[in-house]
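A.B. asks: One structure follows; several queries about it will come next.
The values are calculated or read from the model by the stated rules, or taken from the named source; none is laboratory data. These numbers were taken from a predicted model, which means no experiment stands behind them. Cβ sites come from the backbone with ideal geometry, for glycine too, and all protein chains shown count toward neighbours. Each accessible area value is taken on the protein alone, full model and side chains, heavy atoms only, with ligands, DNA and RNA left out. Shrake-Rupley method; radii C 1.70, N 1.55, O 1.52, S 1.80 Å.
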Amino acid sequence: YDELEDQARMAAANVAFRNFGPSYPDTRDRAVKALELAGWQVRDDELVASSPDLREMFFPKGSPWDAHVAIRGLFNEAQQSIMIVDSYTDGTVFQMLVTRVLTGLRVCILCSTSGPAVAAEARTFMAQHAGVTVEVRQARDFHDRFIVIDNQSCIHVGASIKDAGKTACMVSRVEDDKNRIAILSAILDSWATATQLL
């Protein structure tokens, strides 16, 4: 495992976790402990990266499933809120969200051209999943894509979430406090002046 690249580590961890389901509780418990030692946590039956070694992940062309698993893991970290800044986002974000506990979660989506379609899908999503609040606003202030977890952690995504891994891209947590604060401030400013769609 230590010899593997981040992408291969993620794939191996997911395979191990999925193969030790409820039918093998003792083996599953041992697998969970081993995965924790390798930098993973199990939260709401989903693997979440917990090691600082997994804070930067490169996804080569042709790895959309791996990228989506990583982004879904980031969504699973949220305790209260997720802000998604992605001009070209689509319903893919709802497919990633549906695998986690949604009660009490606030999801804010700042997008551009896709805004009306995302707002329509968000209405349908909330109608079926009680307890989650989704807000959608439209602005053209950002080229890059960001995910903000609980108004604190900021992740830079090098491609639109719907396209991550189709072509080569990077997903990395913003570690520098000055940059993180500047990005969060710019996102909040844009959100405050954006056109409210939902």
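A.B. asks: Scanning region 133-164 for residues that are of a type in the set (Ser, Thr, Tyr) and under 13 Å from the mean Cα position of the chain (by Cα), which turns out farthest from THR195 (Cα to Cα)?
C.D. replies: Within region 133-164, the subset of a type in the set (Ser, Thr, Tyr) is 133, 153, 160.
Narrowing further to those that are under 13 Å from the mean Cα position of the chain (by Cα): 153, 160.
Working: SER153: 25, SER160: 20 Å.
So, considering only residues that are of a type in the set (Ser, Thr, Tyr) and under 13 Å from the mean Cα position of the chain (by Cα), the one farthest from THR195 (Cα to Cα) is SER153.
Residues checked against (1) within 23 Å of VAL15 (Cα to Cα); (2) part of a helix (DSSP H, G or I); (3) open to solvent by 10 Å² or more (accessible area, probe 1.4 Å):
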site	(1), (2), (3)
GLY62	yes, no, yes
HIS68	yes, yes, yes
ARG100	yes, no, yes
LEU110	no, no, no
GLU121	no, yes, yes
PHE125	no, yes, yes
CYS154	no, no, no
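A.B. asks: Please go through region 161-198 and pick out each residue that is open to solvent by 80 Å² or more (accessible area, probe 1.4 Å), of a type in the set (Lys, Arg) and not in a loop (DSSP other than H, G, I, E, B).
C.D. replies: Listed by number, the list holds a single entry, LYS178.
A.B. asks: Related question: From GLU121, GLU135, GLU175, which residue is in contact (Cβ under 8 Å) with a residue 12 or more places away in the chain and in contact with a Gly (Cβ under 6 Å, 6 or more places away or on another chain)? Can you show your working first?
C.D. replies: Values: GLU135 fails: in contact with a Gly (Cβ under 6 Å, 6 or more places away or on another chain); GLU175 fails: in contact with a Gly (Cβ under 6 Å, 6 or more places away or on another chain).
Residue meeting the stated conditions: GLU121.
A.B. asks: So which residues in region 145-198 are farther than 16 Å from MET57 by Cβ and of a type in the set (Asp, Glu)? First the steps, then the outcome.
C.D. replies: Going residue by residue through region 145-198, those that are farther than 16 Å from MET57 by Cβ are 148, 150-152, 160, 162, 176-198.
If the condition is that a residue be farther than 16 Å from MET57 by Cβ and of a type in the set (Asp, Glu), then ASP150, ASP176, ASP177, ASP189 are the ones that fit.
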